[in-house]
Amino acid sequence: MARRCLSVHEVHDKMRRWTVLVQVVEKSHVLTSNGSPPIRFQRLVLTDSEGTMVSAVIYGNDIRYFANLLQPFKRYYITGGTVKKQDAKYKVSDYQFSWVLHNKTLVEEYVEPNPPMLPCTFEFTKFEDLFRFADTENVQNLQAVVVTAFATKEQNNGCTTRDFIVVNEEKKPMLLTLWNEFEQNQGTQLANSIGNANVIIGMKLKITTFNYLSLTTKPGSGLLINPPSSEANALKEWYNANKEEIAELIQQMAYKDSSKLLPPPSADDIISVANAFNTLKDVKTAWITGKISLSPGQQKFWFEACENCQKAINVDVGWVMRCPSCKEESKVVARTRVGIAVDDGTGSINTVIFGPDAEKLIPFTALQLWEAHTEELNFSAELSSAIRKHAIVCFIRYYESDYQGQKEGKYNIVKAYTTEESVHIPMAITTAETNEKIPDIHATVLQPTTKNEFFSPSTKKVLDTIAESSAAANEVLPTVTTAKRALVFGTVPPGFGLNSAEANTPTSLSTNAPGSPLKRQRDNEL
């Protein structure tokens with residue numbers, strides 16, 4: 001009896017026997033459900049010659065039955081699976097059903113020298129639009145060339161990761177982190193052939209504000225390596241024609257450059273503070289703008305951090321250590337952290353700004369703030385005077401932390417631009433309730449002043465001493481910064497999904513490092 005093949009669209013849940021010639025688009029790792037009892041399963045995405053995709057699943061012991069079959073991009077005859085109505089949120093095309101493959105399902109390989117080009121089409125998110133989905137569960141698909149592989153890392157929670165740098169025609173290199181099975185399987189394959197300009201299709205990748213903006217796999221993600229498609233071939237040709245320029249971007253560490261990863265937004269991407277309060281618990285991130293002021297009650301405007309990953313750690317500034325978060329040998333540095341309020345007239349939001357973005361608003365570096373703190377010098381009034389002269393456009397992030405057993409919502413600034421850096425953005429905001437226009441902040445912001453103009457003579461004298469000491473410390477490191485110490489760390493919470501600018505509760509360590517260079521200088525004088 002001649003074999004009659006149907007298209008995917010012709011197969012429905014009322015049919016007993018049917019045969020479709022399909023091409024495997026994706027075959028996931030073996031996953032485990034969260035139910036009780038947990039169930040092992042494996043997902044597949046298949047397509048017919050018309051380009052109609054269908055989701056299929058294999059359960060339990062049947063996974064071993066198909067272990068050597070249904071390999072990515074190959075074609076197979078499938079006969080007699082169970083057809084079920086598909087939940088709308090799991091649909092991969094306009095086809096209304098999904099298939100369950102079991103040990104009574106006949107799967108036969110279609111023997112051919114090379115599989116054909118994939119007939120299905122993919123919808124990819126542009127790199128420039130990824131910020132819209134940062135820190136949400138709204139996963140995205142994208143296509144990119146893998147250009148750099150970093151070493152595998154063992155995380156503190158027993159997981160393994162490997163970072164890669166990926167890029168596409170937008171010339172915006174970005175970090176992609178592969179976790180566990182992805183690191184062990186696709187990660188090894190990519191790292192061993194890094195010079196081949198491998199093209200990947202990342203399916204259901206999570207977008208995070210780690211390293212300002214980056215990509216990461218989840219258990220349900222997919223990673224297709226060198227898929228047979230015209231789009232992948234075109235991307236590889238583009239890379240080969242532009243690889244010298246891309247290499248230069250990698251050399252410049254553009255994948256860590258906040259201004260390239262999160263450039264100033266368009267006016268349409270900025271929302272009011274009032275709107276941010278209503279939406280950030282769901283969308284997690286947003287661009288807002290407003291005048292700023294120093295939040296009251298702050299005693300310290302810096303924290304100790306790993307110079308490489310910027311994660312907070314309770315070790316004296318200047319120590320050299322192997323960071324428990326990024327696993328790299330790194331120096332402990334002072335990093336600026338300032339609490340501010342952003343007010344656009346519709347509301348005021350308390351947030352925290354870090355690092356170079358914070359230092360654009362004040363006439364001090366983190367090292368100077370550290371020195372001043374060791375001298376118990378309080379100049380909150382002077383900082384307040386400097387900060388309130390500014391207005392900013394900032395990408396803000398909402399997250400929750402545990403405080404005394406309760407969930408507490410907090411806001412951090414991932415990236416900020418001053419009005420001078422974002423002059424193309426009209427900063428006039430109209431409230432929805434009153435239709436009242438708030439004046440353009442560009443017209444009202446004051447020009448920055450030098451620190452001599454708002455410091456008292458005594459404060460200025462001490463700060464000048466600090467500036468000289470800090471400058472000298474930048475040129476010639478004090479003794480404490482060159483002494484390499486072996487530190488033993490306790491258990492450290494994993495860093496997955498953390499913003500590189502976020503200061504979490506540091507790891508507690510007892511240290512006996514000397515005090516600040518300025519204090520040692522005064523002790524020597526005495």
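The values are calculated or read from the model by the stated rules, or taken from the named source; none is laboratory data. Computed from a prediction, not measured in an experiment: that's the story for all the values here. Every residue, glycine among them, receives a Cβ derived from its backbone with ideal geometry; neighbour counts consider all protein chains shown. For accessibility, only protein heavy atoms count, side chains too; no ligands or nucleic acids. Shrake-Rupley method; radii C 1.70, N 1.55, O 1.52, S 1.80 Å.
The table that follows gives values for the structure above.
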| item | result |
| --- | --- |
| Selection of trypsin sites (Lys or Arg not before Pro), the range 194-301, meeting DSSP coil and at most 14 other Cβ within 10 Å | Lys300 |
| Equivalent ellipsoid semi-axes - Cα gyration tensor, the range 132-176, angstrom | 22, 17, 7 |
| Column: log10 I(q)/I(0), Debye, Cα scatterers of the range 263-314, q = 0.18, 0.21, 0.27, 0.31 Å⁻¹ | -0.91, -0.94, -0.95, -1.09 |
| FRET efficiency for Ala67 and Leu377, using Cβ-Cβ distance with R0 set to 45 Å, rounded to 0.05 | 0.10 |
| Gain upon complete extension [Arg322, Asn103; 0.36 nm per residue less C-alpha separation] | 73.8 nm |
| Length released on extending from Asn314 to Trp238, taking residue separation times 0.36 nm less the Cα-Cα span | 22.7 nm |
| Overall Cα dimensions of the range 109-247, principal axis frame, Å, largest first | 45, 34, 30 |
| Among Thr161, Thr177, His102 the positive-end extreme of the charge dipole of the range 80-226 (Cβ point charges) | His102 |
| Of the GluC sites (Glu not before Pro) in the range 165-203, those whose Cβ has at most 13 other Cβ within 10 Å and which sit in DSSP loop | Glu170 |
| Quotient of C-alpha Rg and 2.2 N^0.38 Å, computed over the range 237-276 | 1.79 |
| Loop-located trypsin sites (Lys or Arg not before Pro) in the range 17-126, at most 11 other Cβ atoms within 10 Å (DSSP) | Arg17, Lys104 |
| Descending Cα extents along the principal axes, the range 1-159, whole Å | 57, 38, 34 |
| Protein accessible area in the range 1-129, 1.4 Å probe - carbon and sulfur % | 49 |
| Reciprocal mean inverse distance between Cα atoms of the range 359-420 - Kirkwood radius, Å | 14.2 |
| Gyration tensor verdict on the range 193-351 (Cα atoms; rounded if a/c is under 1.5, prolate if a/b is larger than b/c, oblate otherwise) | oblate |
| Zone of Ser266's modelled label, taken as backbone nitrogen in the range 100-141 under 16 Å from a point 7 Å along Cα→Cβ | 126-133 |
